[in-house]
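Participant: This is the structure, below, for whatever I ask next.
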Amino acid sequence: RLRKARDTQDEFIARAAHELKTPLGVMAAEMDLALSRERSQDELRRALAGSRDEVGRLAELSTRLLDLSSVQRVDLELSPLDLVRTLYETLDHASPALDEAQVQIRVDAPEALLVRGDALLVRQALENLLANALRYSPRGGQIQLRLQADAQQGRACLHVQDDGPGVPDAERERIFEPFVRGRNAQGHGTGLGLSIVRAVALRLQGEVSAQASARGAHFLFCLPLEASCRDA
């Protein structure tokens with residue numbers, strides 16, 4: 001077990017180093033090219049713009065790495081948490097991005113649904129699930145969010161369905177690994193968002209999975225129900 005844990009850690013560090021090396025290499029190349037001879041103001045502006053994009057990429061990557069680390073190390077404050085309210089708070093926070101992408105949100109949820117969880121970690125997982133769906137949804141598309149209780153299994157589940165290209169069956173497990181991006185990946189994502197969701201689910205004794213879907217991607221995120229809801 002120790003050997004496996006060490007190998008996993010070594011692989012993670014190697015992947016992280018590779019992800020950090022790429023934008024740093026691009027920035028160095030841009031700067032070397034700009035300094036190799038006299039450049040016009042427009043050429044220098046383009047070089048700076050390219051480097052600024054890579055700085056943004058590095059900032060996002062470092063934030064995601066810190067998020068993933070914090071999930072593993074944070075002291076849990078488990079308490080009854082209204083998953084419906086937390087979902088709507090997450091949507092309010094994401095409204096500018098949703099408006100810019102012109103993506104519609106459809107929510108099907110009860111008035112309240114209590115789970116046993118940590119507010120910070122649950123919000124973190126929901127933000128990453130929503131960001132992932134938004135990244136792959138076409139302009140003018142729709143993201144469907146459905147919350148329901150499964151009293152028999154003692155859990156509450158959030159279904160996240162988008163109109164994107166979907167997740168191939170062969171990748172439904174691998175996409176939760178750090179730095180793994182599927183064949184339908186778009187943009188310059190870090191490949192850490194779904195890893196954070198899985199880490200949160202495991203830390204809170206829940207689960208997350210990519211479901212088979214006839215259209216788009218369908219993710220299922222489940223957390224333990226609060227005891228009073230299990231008995232209801």
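Participant: Of His93, His159, which has the most accessible area with a 1.4 Å probe, and how do the rest follow in descending order?
Facilitator: His93, His159
Participant: In terms of solvent-accessible area of protein heavy atoms at a 1.4 angstrom probe, what is the ranking of Glu30, Glu207, Glu226, highest value first?
Facilitator: From most accessible down to least: Glu207, Glu30, Glu226.
Participant: List, in order, the whole-Hz ³J(HN,Hα) value for each residue of the stretch 78-85 obtained from phi through the Karplus relation with A = 6.51, B = -1.76, C = 1.60 and θ = phi - 60°; use x for Gly and Pro.
Facilitator: Residue by residue, the stretch 78-85 yields 6, 7, x, 9, 7, 5, 5, 4 Hz.
Participant: Between the stretch 150-183 and the stretch 87-102, how far is it from one alpha carbon centroid to the other, in angstrom?
Facilitator: Spelled out, the Cα-based centre of one part sits 21 Å from the other.
Participant: Let me ask another. Starting from the Cα gyration tensor of the stretch 29-143, take the square roots of the eigenvalues, sort them a ≥ b ≥ c, and report rounded, prolate or oblate (rounded when a/c is under 1.5, otherwise prolate if a/b is larger than b/c, else oblate).
Facilitator: oblate
Participant: Ok, one more. Explain nothing, just compute: Karplus ³J(HN,Hα) = 6.51 cos²θ - 1.76 cosθ + 1.60, θ = phi - 60°, for every residue of the stretch 203-214 in order, whole Hz, x for Gly and Pro.
Facilitator: 5, 9, 6, x, 7, 9, 8, 9, 8, 5, 8, 6
Participant: Same structure, new question: Would you check the accessible area of Phe176, probe 1.4 Å, heavy atoms only, in square angstrom rounded to 10?
Facilitator: Near enough 10 Å² of accessible area.
Participant: Over the heavy atoms of Arg123, what accessible area does a 1.4 Å probe trace out, to the nearest 10 Å²?
Facilitator: The accessible area comes out at roughly 60 Å².
The values are calculated or read from the model by the stated rules, or taken from the named source; none is laboratory data. As the structure is a prediction and not an experimental result, all values here were calculated from the model. When the accessible area is computed, the model is the full protein with side chains, heavy atoms only, and any ligands, DNA or RNA have been set aside. Shrake-Rupley method; radii C 1.70, N 1.55, O 1.52, S 1.80 Å.
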